[in-house]
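What follows is a single structure, written as structure tokens, with notes after it.
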Amino acid sequence: GALWSQARLRRHSSPGGVHAHVALGVSQSALGIFASGSLLYARDLDWGYASAAVPLDREELAGRLSVELRRSFLYVKQYWEEEVSQVLLCGDIPEIRSLTAPLIERLNIEVGTLDTLEGIDTASLPEGFADPAARFSLAASIAVEPPPVNLLPVESTTDRGGRTRRLILAAGTAAAVAFAAFLYARASVAQAEA
């Protein structure tokens, strides 16, 4: 969802192209392919830029990522007949720009990073926040432009509603029992007085 929001924000600066957005995390990554702000393809990757808390070598990481990207590009080409024209990298990976050259070499397309503070007033940021602020580009993009659909799993949404219904039912039952006890006690007192 955050990648989709990011793509929808960037569509004004690069209209008409098909772009792959990749968010690289320590142990999880995500890939989304977008055209004019519309989602064409997305998937989670169950690996990140580190293995057992040790960062992977840049060449190894670029090789692994390029295999995933080629596979995804082929899928998009088969179903949407669109060619991906650019890959945009983001995430909390240190020195993210060092991945661009190996990926350009392997994929033969433009690779950029979304690690700038473009559009952010750095003078108003707290001291020491400007350096890691670029890592928050995904969070900022979803705050500015939420995805146009609810991306929560159906089970999660259903469970939330079911949990609320159970709480209302339990509270209603408790109130009914308390009210019945009150009426019984009152009837007992009235009978004793009579």
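Here are some notes:
- Packing-based ranking, highest mean first, of 66-76, 32-42 given that Cβ atoms within 10 Å are counted: 32-42, 66-76
- The shape of the range 18-77 comes out prolate: with a ≥ b ≥ c from the C-alpha gyration tensor, a/c is at least 1.5 and a/b beats b/c.
Each reported figure results from applying straightforward, stated rules to the coordinates on display, with no laboratory input. What you see is a predicted model, and the numbers here were worked out from it, not measured in a lab. For neighbour counting, all protein chains shown are included, and Cβ atoms are generated from backbone atoms with ideal geometry for every residue, glycine included.
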